[in-house]
Each structure stands twice: as C-alpha cells, then as structure tokens.
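Please read the structure below before turning to the comments.
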Amino acid sequence: MKIICIAKNYAKHAKEMSSAIPKEPIFFMKPDTALLQKNRDFYYPDFTQELHYETEIVVRINKVGKHIQEKFAHKYYSEIGIGIDFTARDLQRKCKETGSPWEIAKAFDNSAPVSKFIDKTELPENIDFSLKINNKQVQKGNTENMIFSVDKLISYLSEFITLKIGDLIFTGTPEGVGQIKIGDKLEAFIGNENMLKINIK
Ligand code: MG
C-alpha cells in the first residue's frame, strides 16, 4: 500500500505557512513503513529538533482505479479515519530553501499514525475533527473548508497514479500546526469520538 498526502488543502494553513493557495492539488508520498497503527507509541527521532503535528482526515481506497472521474470518485472509498502527518519542520524548511524533495522531512518511519476506520455512511457530509495534546485542544477543522474535496483529490491523483485497495490519502491539515515534545499525549477526534491516541516517547 501507499500513503498519498495532500499539502496546503486548507487556506488558513497555507497562510500560516506563508504559502500561496494552490490552483491544483499538491501531493507527496510516504512509504508503508511510515504507517503507525493501533495507538502505538511514537519515538521522537534524533534527526529533528522541530517535529510538528498536522492532523488530517484520512480516506482508505477500496477499489482499484485509474483516471477516475470526479463524479464516480465516491465509489472508490467507503471508510474514513484520522491521522497525523508528522513533519520535521526544520528539515522541511531546508528542503524548501534548496528546492529539494520533502521526503526527508515527511516520509520517515512512523511518520503517519492512523486511527481505526469508520464507515463514511456513519459520518456527516462535513466532518469535524480535532487534536488535543495533554488534554488541551490545539487544532480543529472541518472538511467543508478543504480547498479540494475528497472526490476532486481522488480524481486528480488517479490521473497520475493508479489507486489500489488499502491505499491511504491524507487530505491535508487545517491551521494550528505546532511542535510536539517527548512526554506529550496526543488524542485525535472525529466529532466527539476519540479515534487515535499517541504517546511521544
Ligand atoms: Mg500534511
């Protein structure tokens, strides 16, 4: 499986990163070794001094597809979860300065914790989601504020990359990204449901 992540899909996050609002979706990828599941602990890596959380709604592809039309994209996913796109912001800044790819800052082991998945029919059309650190809310979003909808993302991505069963799409973070430190306890919510817990060790 592969993990495809969307960058700058919420205008207020693009603004806090001093980035322009994209005209087409921007994506990058994480390998399967980035996946962290079952509320396992995350070990703070030695190579960064500025590890950030980005809380994102994640969709799981349930059907193989290529050149998917936007109007049919809803048939290619049935389950939704929440994940954290862990980002070594100091390394990412260097990548941006030199025009290098982002993988060193984004694709490292365990950089993609993901919750259990729930059937999308159990969720409202516009999904509220949030992150608490040490019991204090630090991030809050609603999918209605996405620049590109999930259907648009699936259609766009499938022009370039065949989507396969089990692939995950991280749909972008709202504003409020920030640093984590060893000892933090992260809890991610969809609506009021606590979906994902991560202890930073
Ligand atoms: Mg992200």
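The values are calculated or read from the model by the stated rules, or taken from the named source; none is laboratory data. What you are looking at is a predicted structure, and each value in this text was computed from that prediction instead of being measured. When we count neighbours, we look across all protein chains shown, and the Cβ atoms used for this are built from the backbone with ideal geometry, even at glycine.
Considering every residue within segment 65-77, establish whether at least one is closer than 26 Å to GLN37 by Cβ, more than 16 Å from the ligand (Cβ to nearest atom), hydroxyl-bearing (Ser, Thr, Tyr) and within 19 Å of the chain's Cα centre (by Cα).
yes
What are the residues in segment 168-201 that are polar (S, T, N, Q) and in contact with a strand residue (DSSP E or B) (Cβ under 7 Å, 6 or more places away or on another chain), if any? Talk me through it step by step, then tell me what you get.
First, pick out the residues of segment 168-201 that are polar (S, T, N, Q): 171, 173, 179, 192, 194, 199.
Passing the criteria: THR171, THR173, GLN179, ASN194, ASN199.
Filtering segment 43-58 down to residues that are within 13 Å of the chain's Cα centre (by Cα) and not in a loop (DSSP other than H, G, I, E, B), which residue is nearest to the ligand (Cβ to nearest atom)?
The initial filter retains those residues of segment 43-58 that are within 13 Å of the chain's Cα centre (by Cα), namely 52-58.
Narrowing further to those that are not in a loop (DSSP other than H, G, I, E, B): 52-53, 55-58.
Working: HIS52: 9, TYR53: 9, THR55: 9, GLU56: 6, ILE57: 11, VAL58: 11 Å.
Result: GLU56.
Restrict the check to segment 29-42 and report whether at least one residue is in contact (Cβ under 8 Å) with a residue 60 or more places away in the chain, more than 14 Å from the ligand (Cβ to nearest atom) and under 13 Å from the mean Cα position of the chain (by Cα).
Yes; the residues of segment 29-42 include at least one that is in contact (Cβ under 8 Å) with a residue 60 or more places away in the chain, more than 14 Å from the ligand (Cβ to nearest atom) and under 13 Å from the mean Cα position of the chain (by Cα).
Identify all residues within segment 167-200 that are within 15 Å of the ligand (Cβ to nearest atom), surrounded by fewer than 18 Cβ atoms within 10 Å (Cβ to Cβ) and either among the charged types (D, E, K, R) or more than 18 Å from GLN49 (Cα to Cα) (or both); write none if there are none.
The answer is GLU175, and nothing else.
Is there a residue in segment 97-112 that is free of Cβ contacts under 8 Å to residues at least 60 places away in the same chain and either among the charged types (D, E, K, R) or within 12 Å of the ligand (Cβ to nearest atom) (or both)? Spell out how you get there, then give the answer.
Taking segment 97-112 first, the residues free of Cβ contacts under 8 Å to residues at least 60 places away in the same chain are 97-100, 104-105.
Then drop every residue that is not either among the charged types (D, E, K, R) or within 12 Å of the ligand (Cβ to nearest atom) (or both), which leaves 97, 105.
So far as segment 97-112 goes, yes, one or more of its residues are free of Cβ contacts under 8 Å to residues at least 60 places away in the same chain and either among the charged types (D, E, K, R) or within 12 Å of the ligand (Cβ to nearest atom) (or both).
Right, ILE61: of a type in the set (A, V, I, L, M), at negative phi, within 15 Å of the ligand (Cβ to nearest atom) and touching a strand residue (DSSP E or B) at 6+ places or on another chain (Cβ under 6 Å) or not?
no
Out of all the residues in segment 118-127, is one or more within 19 Å of THR173 (Cβ to Cβ) and part of a helix (DSSP H, G or I)?
No, because not a single residue in segment 118-127 is within 19 Å of THR173 (Cβ to Cβ) and part of a helix (DSSP H, G or I).
Could you check segment 1-28 and list, in sequence order, the residues that are in contact with a Lys or Arg (Cβ under 9 Å, 6 or more places away or on another chain) and more than 16 Å from the ligand (Cβ to nearest atom)?
Across segment 1-28, the qualifying residues are MET1, ALA20.
Answer yes or no: is there a residue in segment 135-145 that is at pLDDT 95 or above, touching an Asp or Glu at 6+ places or on another chain (Cβ under 6 Å) and not in a helix (DSSP H, G or I).
Taking segment 135-145 and keeping what is at pLDDT 95 or above, we get 135-145.
In the following step, the residues that additionally are touching an Asp or Glu at 6+ places or on another chain (Cβ under 6 Å) were identified as 142.
Narrowing the set further to residues that are not in a helix (DSSP H, G or I) leaves 142.
Yes, that holds for at least one residue.
Output the residues belonging to segment 113-137 that are surrounded by fewer than 17 Cβ atoms within 10 Å (Cβ to Cβ), touching a Leu at 6+ places or on another chain (Cβ under 9 Å), touching a residue at least 24 places away in the same chain (Cβ under 8 Å) and within 17 Å of ILE180 (Cβ to Cβ).
Hit for segment 113-137 is ASN134, nothing else.
Please work out which residue is nearest to the ligand (Cβ to nearest atom), limiting yourself to segment 78-96 and to residues that are among the charged types (D, E, K, R) and farther than 23 Å from LEU153 by Cα.
Start the filter on segment 78-96 by keeping residues that are among the charged types (D, E, K, R), which leaves 79, 85, 89-90, 93-94, 96.
Imposing the further condition that a residue be farther than 23 Å from LEU153 by Cα reduces the set to 89-90, 93-94, 96.
Values: ARG89: 11, ASP90: 16, ARG93: 15, LYS94: 18, LYS96: 14 Å.
My answer is ARG89.
Which of the numbered conditions does ILE82 fail, given that it passes all the others? Conditions: (1) part of a strand (DSSP E or B); (2) among the hydrophobic types (A, V, I, L, M, F, W, C); (3) over 15 Å from the mean Cα position of the chain (by Cα).
(3)
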